[in-house]
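**Q** The following block contains the structure, expressed as structure tokens.
Computed from the coordinates by the stated procedures, all read-outs in this text should not be read as laboratory data. It should be emphasised that the depicted structure is a prediction, and the values quoted were computed from it without experimental measurement. Using ideal geometry, Cβ is built from the backbone for each residue, glycine included, and neighbour counts are taken over all protein chains shown.
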Amino acid sequence: MTHPTPHSRKLLKLGRSEPSLMSGRRAFLRRFGTGWLLVLMGGCGKTSSAGFQNIGSLKLLEEEGKIFSEHFSSEPLLVIRGPKKKNSSEIGVLSAVSPTCSHQKCLVNWDNVQESFICPCHQSRFDITGKHLQGPATENLKTYPIEVRGDDIWVAGRFQ
């Protein structure tokens with residue numbers, strides 16, 4: 001039979017049972033788990049104080065031809081690079097758009113030959129800045145602010 005400790009006698013007088021080692025572990029794990037959950041909810045990409053998020057590198061964009069994120073913010077994100085100017089070392093125009101067509105919400109694709117975004121559903125076309133050019137869509141594509149920092153591409157999670 002175990003004898004009550006002075007601490008447990010005080011708890012018994014207050015009508016409480018002695019705190020167990022298990023509840024201490026549970027509290028620690030609960031706090032630890034919550035901390036990791038907050039880290040994971042913050043996303044895996046680097047985020048700056050101005051709301052910009054590192055979404056990839058110029059090298060990745062060159063290799064893949066585009067960078068697509070289905071769940072970037074409230075809508076998907078598509079980053080493409082326009083054609084380079086001849087005899088120029090410039091990287092070309094970068095564009096970060098929500099690829100959701102304003103007509104019937106199909107996802108547009110970048111066409112290098114026509115140098116425009118084309119909706120596969122009804123052939124609406126948009127220029128590299130997301131401006132509506134033709135087709136049944138009547139609104140421009142939503143665009144995200146984009147910056148190049150060194151070799152990294154940073155996009156803000158809000159629309160311009």
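**Q** Given H placed 1.01 Å from N in the peptide plane, which residues other than close sequence neighbours of GLY82 have an amide H under 5 Å from its amide H?
**A** VAL93, LEU94, SER95
**Q** Given 0.36 nm per residue, what is the gain on full extension from ARG149 to ASP127 after removing their alpha carbon distance, in nm?
**A** 5.5 nm
**Q** Here's another thing I want to ask about it. What ³J(HN,Hα) values, in whole Hz, does the Karplus curve 6.51 cos²θ - 1.76 cosθ + 1.60 give for segment 133-140 when θ = phi - 60°, with x put for Gly and Pro?
**A** Those phi angles translate into 10, 7, x, x, 5, 10, 10, 6 Hz.
**Q** Would you mind estimating how fast segment 65-160 diffuses translationally, via Stokes-Einstein at 4 °C and 1.567 mPa s with the Kirkwood radius over Cα pairs, in µm²/s?
**A** 95
**Q** Can you count the Lys pairs in segment 52-156 with C-alpha separation below 26 Å, eight or more apart or on different chains?
**A** The result is 18.
**Q** Compute the distance in nm between two label points, each set 7 Å from the Cα along the Cα-to-Cβ direction, one at VAL93 and one at SER74.
**A** It is 2.6 nm.
**Q** Say each of ARG158 and GLU139 gets a label point 7 Å from the Cα, pointing the same way as Cα to Cβ; how far apart are those two points in nm?
**A** Roughly 1.9 nm, to one decimal.
**Q** Using the Karplus equation 6.51 cos²θ - 1.76 cosθ + 1.60 (θ = phi - 60°), what ³J(HN,Hα) coupling, rounded to whole Hz, does each residue of segment 146-152 give in order, writing x for Gly and Pro?
**A** Each residue's phi maps through the Karplus curve to give 9, 9, 10, 10, x, 9, 9 Hz.
**Q** How much length is gained if the chain between ASP111 and LYS84 is pulled fully straight, taking 0.36 nm per residue apart and subtracting their Cα-Cα distance, in nm to one decimal? Each step should come with its number before you reach the end.
**A** Numbers: separation 27, 0.36 × 27 = 9.72 nm, distance 1.49 nm.
Net length gain for the segment: 8.2 nm.
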